[in-house]
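Visitor: Before I ask anything, let me first share the structure, which is written out below as structure tokens.
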Amino acid sequence: MGDTDVIVVGAGISGLTAAWRLAQAGQRVKVLEANARVGGRTLNHQFASGEVAEVGGQWVGPTQERILALLAELKLDTFPTWNQGDNLTLFGGRLKPYRGTIPKFAPHVLLDIGQAQWRLDRLARQIDLDDPSRHPKAPLWDSMSFAEWLRRQVKTEQARTVFDLASAAVFAAKPHDLSFLHVLFYIKSGTNLDTLLGVDKGAQQDRIVGGSQRISEELALRLDGAVQLAQPVRALKQGLDHVELITDQGSHRAKRVIFAVPPTLLLRITQEPLLPGWRDQLLQRLPQGAVIKCMAMYERPFWRERGLSGQATSEIGPVRLTFDNSVPGSSKGVLMGFIEGDEARHWSSCDEGERRAQVLQCFARYYGEQALQPLEYVDKCWADEPFARGCYAALFPPGVWGSGAARLRQPQGRVHFAGTETATRWMGYFDGAVQAAERAAAEVLALT
């Protein structure tokens, strides 16, 4: 067993936070990371002129107390997402400015959106975050997709399109991919729908100075050599008093293991004894969302000169959502856009040059022909990442919560589970990753 009490698999925010909390409590830890870098689903990109922006997860916001506390502990600063000026919306062939979260529509459409949002928030408040399947109506709500609920409750086509865009923005998926019960859980997990979707006072409010990958980099530094890179775990063997992990580089033994990886990746590890059938089958039903994050750098943020925020929503793809991702202190401008869901799966298989051209055409549709001539362009297709297989997080389709998904966070012998998909607050976000890490670390400490 050597000198290792606990091995953590995965050097993203969740895995490294778990390892750090265990090390602080006096445990001897080792972290095995499959990639040649730390960060998991966060990844910084440095442009030729030196600016750093993220091609992975990037935002933090209010009510996310755990990640904000961790940032303070690591002495990492934040800065606000650029949110000044008019947003743009492209619906019905017309490009129009608006302020706030919801675009300007005809009064009957706004009423339709408002009533649906009120119903969603009201129902979400009733959900038990420890186990949504405890609600008396859970069997009904978990048997239908979010798309089915929208068809029944939302009367106008434009309002349904708004919720389709919201689904892509939050889950990187279509409403038909999601259990309605899971949507209610997610809304409560992230406080309410306004908080999930918003910039000011919302989940997209702030960014991390130097890029979000710094969270993992700083944690790895504090672990002082405990992180081993390029060590994909291929097999696991549980003994009576230890766990053995087999990687491409050799064997590692410890008293306990914490996995902090996307759920679907657990199925790619040979396990002895086998996972229980209930756990294996649930994991088979948890695919990752699909997203391509795209950024273009320009000589200056020219859209600001027209009084625009850089935020746009559109019913026409492939880029249906954009942000100003410029870096404070730089004269350069950065537009960022998302290709999500089915469109991400389509464009991931296309030629990179063709994809670049389509993204820039979308930027030009919103911000003018200047957007066609960036200094640099970069995009990241997360489904192609061998140790992520998608973003933002795992999707819970109809029937998963009712089949016992809450049990997925429970230990399996000497193996424990972290990762944002096992969180009850802010699942799918950095804050959920920290909550899950601290819960898994506490489980291990309680058994030592």
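Visitor: May I ask you to derive the relative contact order of the range 105-195, considering only C-alpha pairs under 8 Å and at least 6 residues apart, and to give it as an integer percent? The partial results should precede the final answer.
Guide: Numbers: 86 pairs, mean separation 39.2, N = 91.
With pairs under 8 Å counted, the relative contact order is 43 percent.
Visitor: Another one. What are the residues whose amide H is under 5 Å from the amide H of GLN231, where those residues sit 5 or more places off or on another chain and H is modelled from the backbone?
Guide: Under 5 Å from the amide H of GLN231 lie the amide H atoms of GLU33, ALA34, ASN35, each far enough along the sequence or on another chain.
Visitor: Given the pairs LYS104/LYS155; LYS137/LYS188; LYS137/LYS174; LYS96/LYS201, which are separated by over 20 angstrom at their Cα positions?
Guide: Result: LYS137/LYS174; LYS96/LYS201 exceed 20 Å.
Visitor: Students often forget the sequence filter, so: which lysines lie under 20 Å Cα-Cα from LYS30 once same-chain residues fewer than 8 apart are removed?
Guide: LYS237, LYS255
Visitor: Along the principal axes of its C-alpha atoms, what lengths does the range 60-212 span, in descending order and rounded to whole Å?
Guide: 48, 44, 22
Visitor: So in the chain, what percent of DSSP beta bridges are antiparallel if you round to the nearest 5?
Guide: Numbers: 46 of 66 bridges.
Close to 70 percent.
Visitor: For n ≥ 4 DSSP H runs only, could you compute -39500 (n - 2.57) per run for the chain, divide by its residues and tell me the 222 nm figure to the nearest 500?
Guide: -9500 deg cm²/dmol
Visitor: Which whole-Hz ³J(HN,Hα) couplings does the range 366-380 yield from phi under the Karplus relation 6.51 cos²θ - 1.76 cosθ + 1.60, θ = phi - 60°, glycine and proline marked x?
Guide: 8, 10, x, 5, 4, 5, 7, 10, x, 6, 8, 9, 8, 9, 9
Visitor: Also: On a straight-distance basis, which aspartates and glutamates could pair with LYS332 in a cross-link, Cα separation under 12 angstrom, same-chain partners fewer than 8 positions away excluded?
Guide: The reachable aspartates and glutamates, counting only those whose Cα sits under 12 Å from LYS332, are GLU51, GLU299, ASP324, GLU376.
Visitor: If you don't mind, another one. With θ set to phi - 60°, apply the Karplus curve 6.51 cos²θ - 1.76 cosθ + 1.60 along the range 22-36 and write out the HN-Hα couplings as whole Hz, x wherever there is a Gly or Pro.
Guide: So the J values, rounded to whole Hz, are 5, 5, 4, 8, x, 7, 8, 10, 9, 10, 9, 10, 5, 6, 8.
Visitor: While we're looking at this one, here's another question. Among DSSP beta bridges whose residues both lie in the range 183-323, state the antiparallel percentage, nearest 5.
Guide: Taking every DSSP beta bridge with both residues in the range 183-323, the antiparallel ones total about 80 percent.
Visitor: Here's another thing I want to ask about it. So how do 136-147, 357-368, 287-298 stack up, highest first, on mean other-Cβ count within 10 Å?
Guide: Most protected by this proxy first, the peptides run 287-298, 357-368, 136-147.
Visitor: What list of ³J(HN,Hα) values in whole Hz, one per residue of the range 216-231 in order, does the Karplus curve 6.51 cos²θ - 1.76 cosθ + 1.60 (θ = phi - 60°) give from phi, with Gly and Pro shown as x?
Guide: 5, 4, 5, 4, 4, 4, 5, 7, 6, x, 7, 8, 10, 8, 6, 10
Visitor: At 0.36 nm per residue, and after removing the present C-alpha to C-alpha distance, how many nm does the segment from LEU372 to GLN24 gain when stretched out fully?
Guide: On the way: separation 348, 0.36 × 348 = 125.28 nm, distance 5.03 nm.
So the extension gain works out to 120.3 nm.
Visitor: Can you give me the long-range amide H partners of THR78? Hydrogens built in the peptide plane at 1.01 Å from N, cutoff under 5 Å, separation of 5 or more residues or another chain.
Guide: HN-HN under 5 Å from THR78: VAL209.
Visitor: In terms of modelled amide H atoms, which long-range or inter-chain residues lie less than 5 Å from the amide H of GLN311?
Guide: LEU88, ASP324
Visitor: Compare LEU335, LEU111, LEU372 in a GNM of the chain, Cα atoms joined below 10 Å, and give the one with the largest fluctuation.
Guide: Top of the fluctuation ranking is LEU111.
Read-outs throughout are calculated quantities, based only on the coordinates presented, and are distinct from any laboratory measurement. This structure is a prediction, so every number in the text was calculated from the model and none was measured. With ideal geometry, Cβ positions are generated from the backbone for all residues, glycine too; neighbour counts draw on all protein chains shown.
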